[in-house]
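Single-structure report; data block below.
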Amino acid sequence: MPFFLIRNDITRMHTDAVVNAANKTLLGGGGVDGAIHRAAGPKLLAHCLTLGGCKTGEAKITPGFNMSCKYIIHTVGPIWKDGAHGEREALVSCYRSSLALALENGCESVAFPLISAGVYGYPVEEAIAVAEETIRTFLDDHDMTVYLVLFDTNAVSAGTERFREIRSYIDDAYSDAFAETEKRRSQRLRSETELDFIGSAPMANFAMPQMAESKPPKKQGFIKKIKEKKEDLSLAPSKPEPIRPEPMEMPTFCDSVDGAMSPADFSSLEDALSRLDESFTQMLLRKIDESGMTDAQCYKKANIDRKLFSKIRSDIYYKPSKSTAVAFGVALRMPLDELRSFIAKAGFALSHASKFDIIVEYYISRGVYDIFEINDTLFAFDQMLLGTQ
Ligand code: ADP
């Protein structure tokens with residue numbers, strides 16, 4: 001079931017339960033513990049006084065009081081010494097006991113801070129790895145949405161060594177996209193110039209290409225054909241500023257889907273409507289059958305929750321978000337071409353002008369279909385994650 005990394009202050013999470021990285025007294029402290037006590041109000045301390053503390057690796061539950069969660073689950077992480085004093089086992093136990101308490105209390109969503117990774121000194125990257133592994137194992141068998149809230153750590157960020165290769169892949173893809181745009185723009189300018197060169201106006205266009213886009217030159221009633229293409233090109237700015245396209249997160253709508261019929265193939269609108277192409281839902285269900293996976297195996301792999309899957313299943317015209325559509329494509333291990341056709345059914349495409357798209361393409365083209373690995377990277381590059389959000 002869904003697991004997400006998120007950058008936030010945990011006291012702002014609207015989950016059923018919020019986990020507190022407490023100390024053994026359960027009477028409040030610094031860091032996330034202090035923030036939770038401040039947000040929950042003094043009744044939390046009064047309640048905690050009745051609990052008799054908590055052992056390392058264990059967890060206790062209280063109401064959320066003034067916080068927007070129903071429950072606060074207090075767990076005590078290990079203090080890091082050198083990694084040879086049972087720190088890992090104790091940390092795994094914190095996540096397991098907290099999740100077990102959440103389950104017992106009917107929670108459908110839980111937010112964890114990075115337990116022990118602050119004052120208790122657990123190395124951040126290792127703390128993240130333990131958290132991810134333990135939560136994922138739990139989610140294999142349980143329906144719950146779990147968030148790991150990374151507050152002030154840059155451990156999962158684009159600048160780290162771990163993401164070096166994908167950084168350069170994104171740079172290359174951006175440069176290609178930029179070069180392609182430039183090529184098309186200069187071809188367009190050239191053909192416009194050949195056909196409609198008027199007085200000195202095109203000179204201004206070349207000098208200020210961006211203005212040319214928004215304000216076409218006024219026609220002055222005569223056309224002068226340029227014969228010397230070389231001369232024409234020499235007017236262009238020698239090397240335009242390498243403006244990197246901003247990561248755009250937008251559903252890219254397609255004109256047509258591979259293999260779809262064109263409007264000219266239909267005799268009337270009624271005819272067209274009676275011969276609709278296979279929908280996204282239909283293709284999804286067919287692909288699940290063909291893969292031999294059960295529905296549950298598929299939506300879990302896709303980081304999608306059961307409720308959303310039921311909704312999609314029961315509506316053949318369901319219009320998923322891009323992150324949902326791509327998530328199913330990844331879960332079904334679709335090669336890139338197939339993924340493109342699949343998400344086109346929902347009106348989306350992959351482009352080199354979007355970091356999200358480039359990252360997805362990077363992993364799929366390498367045969368990596370681990371949604372959590374892809375999501376770590378999307379998170380590092382501040383992109384929306386795959387799965388139910
Ligand atoms: P511990 O004593 O278990 O190390 P800390 O509270 O010192 O607990 O830190 C645990 C993690 O919680 C650290 O990564 C810290 O950055 C993070 N943290 C601190 N305040 C918040 C907050 N308000 N929301 C989410 N995470 C927080």
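Read the figures in this text as sums done on the coordinates, not as results from a lab. These numbers come from a predicted model, not from an experiment. Positions of Cβ are generated from backbone atoms using ideal geometry, with glycine treated the same way; all protein chains shown enter the neighbour counts.
Maximal additional length on extending the Thr50-Asn66 stretch stands at 3.9 nm, based on 0.36 nm per residue less the C-alpha distance.
With 25 Å as the limit, the listed pairs Lys183/Lys319; Lys183/Lys355; Lys287/Lys345; Lys43/Lys307; Lys81/Lys300 have Lys183/Lys319; Lys43/Lys307; Lys81/Lys300 beyond it between alpha carbons. Remark on Glu58: its backbone amide H falls under 5 Å from those of Val76, a criterion applied only to residues 5 or more positions apart or on other chains, H modelled at 1.01 Å from N.
In a DSSP loop and with at most 10 other Cβ atoms within 10 Å, the trypsin sites (Lys or Arg not before Pro) in segment 64-164 are Lys81.
Could you tell me how many cubic angstrom of Cα convex hull volume segment 271-389 has per residue? Kindly include the intermediate steps, with their values, before the conclusion.
Numbers: hull volume 12.1 nm³, N = 119.
In segment 271-389, the Cα convex hull volume per residue is 102 Å³.
The 3J(HN,Hα) values that the Karplus relation (6.51, -1.76, 1.60; θ = phi - 60°) gives for segment 283-290 are, in residue order, 5, 4, 5, 4, 5, 5, 4, 5 Hz. Gly and Pro appear as x.
Loop-only check: which trypsin sites (Lys or Arg not before Pro) in segment 329-386 are DSSP coil with at most 14 other Cβ within 10 angstrom? Walk me through the numbers on the way to the answer.
Numbers: sites: Arg333, Arg340, Lys345, Lys355, Arg366; in loops: Arg333, Lys345, Arg366.
For trypsin sites (Lys or Arg not before Pro) across segment 329-386 that sit outside H, G, I, E and B with at most 14 neighbouring Cβ atoms in 10 Å, the list reads Arg366.
Size descriptors for segment 7-129, from the alpha-carbon set: Rg then Dmax equal 13.3, 39 Å. Centre-to-centre separation between the Cα atoms of segment 293-323 and those of segment 93-151: 24 Å. For a Förster distance of 51 Å, can you work out the FRET efficiency between the beta-carbons of Lys319 and Arg190, rounded to the nearest 0.05? Computed FRET efficiency for Lys319 and Arg190 comes out at 0.80.
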